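Below is one structure, written out as structure tokens, with a few remarks after it.
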Amino acid sequence: MANTKTNGVADKAGNSKVGFYSNLGVSTKRAISSSLVLVLLFTIFAILKPDQFLSANNMQNLLQQIVTYTIIGCGLTFCLVCGGNDLSAGASMALSGIIVVLMLKQGVPLWIGILVCLTMGVLTGIMNGFFIEILGVIPFVATLGTQWVYRGLANAIVNGAPVYTTSIPSEAVQKQFYQLGGGRFSSGLSYSVIIALVYALILGVVLAKTRIGRQIYACGSNLEAAKLSGINVVKTRIFAYCISGLSAAICGILVTSRLSSAQPTAGTGYEMEAIAAAVLGGISISGGEGVILNTVIGALMMGIIRNGLNLIKVNSFWQQVIIGLILVLAVARQMYRQRKNGSSGSSPFKTIVNRLLHK
């Protein structure tokens, strides 16, 4: 009798644990699973290269590396969640960096130069939204086209040559501008890391706790249902692209500040790595699911992978191969989960065999 009671209590405890996990949202579950993978990656490289990987200097470099993934990735999260995409973020970042340096070079006050640069980032988002929502061009084609436009403008403005911050007439402005991306606290932590974390927190609150955030989820989950419920889907989706453009501009300012130069080729491929970070963290490539925390975790994963592979001296070309395969596998895992939720749910191996046999 005692054993029966004990078993009953154990069953209830087990069921409560299972029930607790099953009641969690999809984004939370993905954040938990991604966090476990993050810890695993950290442990692997800590074992392989303990002295180098765990050094304070390397940890600071690692955090610095994830700034671009985090900021651009958070902006792209808005696009992905609302069912879109933005392949122009890297080019917009380069254009922003050039604009801000050229303005400071003309003696414009630092805060005005930054404000104009951020405004231009929002305008690039409006242009992307116009092509997609007003003209009806699919996001992939529209943002691929604007990527060429922004990259071409960046090259045309400076004739393909870099612009150095040393050309800014005021040394005081030079130093102030450098502090944004290159300045550090006494602990060695970069200012840009704090800027990235604060920005991610703000966007996380906007996406999860505000009306416009809920509308973005609605658009990504079911666009037609969102229209029928009275949501202005055009304005909502354009807003998402504006956030992506703003994020690219912020990243452009920080990278230009840290490197002390604006390069028209800067940011090449950054949008793809940011998308990879978002997907690795658990943002649904199909839209309607994901939170900013997923992207931050994904950015940390990307940073650890890059940093760890560098430490074990893996060729940069092979790093591209590895990261590309990881991205494809992450998306395939998402697609499998979606099919499993919508069907009886066969194993991944059985699904592959059935597809090969055209069943």
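Name the residues in segment 297-323 that are open to solvent by 30 Å² or more (accessible area, probe 1.4 Å) and either within 16 Å of the chain's Cα centre (by Cα) or of a type in the set (S, T, N, Q) (or both), would you?
300, 306, 310, 315, 316, 320
Here's a check for you: in segment 183-215, which residue that is buried (at least 20 other Cβ atoms within 10 Å of the Cβ) and hydroxyl-bearing (Ser, Thr, Tyr) is modelled with the lowest pLDDT?
190
What number of residues in segment 318-359 are at pLDDT 75 or above and among the polar types (S, T, N, Q)?
Within segment 318-359, residues that are at pLDDT 75 or above and among the polar types (S, T, N, Q) number 3.
Find the residue count for segment 158-185, including only residues that are of a type in the set (A, V, I, L, M) and in a helix (DSSP H, G or I).
4
What is the residue count in segment 277-290 for residues that are closer than 21 Å to residue 65 by Cα and open to solvent by 20 Å² or more (accessible area, probe 1.4 Å)?
Count: 1.
Under 6 Å by Cβ, and 6 or more places apart or on different chains, what pairs join a residue from segment 317-336 that is farther than 14 Å from residue 277 by Cβ and of a type in the set (S, T, N, Q) with one that is at pLDDT 85 or above and surrounded by 12 or more Cβ atoms within 10 Å (Cβ to Cβ)?
If the second residue must be at pLDDT 85 or above and surrounded by 12 or more Cβ atoms within 10 Å (Cβ to Cβ), the pairs left are 319/309.
Here are the criteria: (1) closer than 22 Å to residue 193 by Cα; (2) among the small types (Gly, Ala, Ser); (3) over 22 Å from the mean Cα position of the chain (by Cα). Tell me which single one residue 75 does not satisfy.
(3)
Please verify whether residue 276 is at pLDDT 90 or above and of a type in the set (Gly, Ala, Ser), treating the condition exactly as stated.
In short, no.
Given 218, 240, which one is farther than 30 Å from residue 61 by Cβ, open to solvent by 10 Å² or more (accessible area, probe 1.4 Å) and either at pLDDT below 95 or out of contact with any Asp or Glu (no Cβ under 8 Å at 6 or more places or on another chain) (or both)?
From the options 218, 240, the qualifying one is 218.
The values are calculated or read from the model by the stated rules, or taken from the named source; none is laboratory data. Remember, it's a predicted structure, so these values are computed and weren't measured experimentally. Quick reminder, even Gly has a Cβ in these numbers, built from the backbone with ideal geometry, and neighbours come from all protein chains shown. In case anyone asks, the SASA skips ligands and DNA or RNA and just uses the protein heavy atoms, side chains included. Shrake-Rupley method; radii C 1.70, N 1.55, O 1.52, S 1.80 Å.
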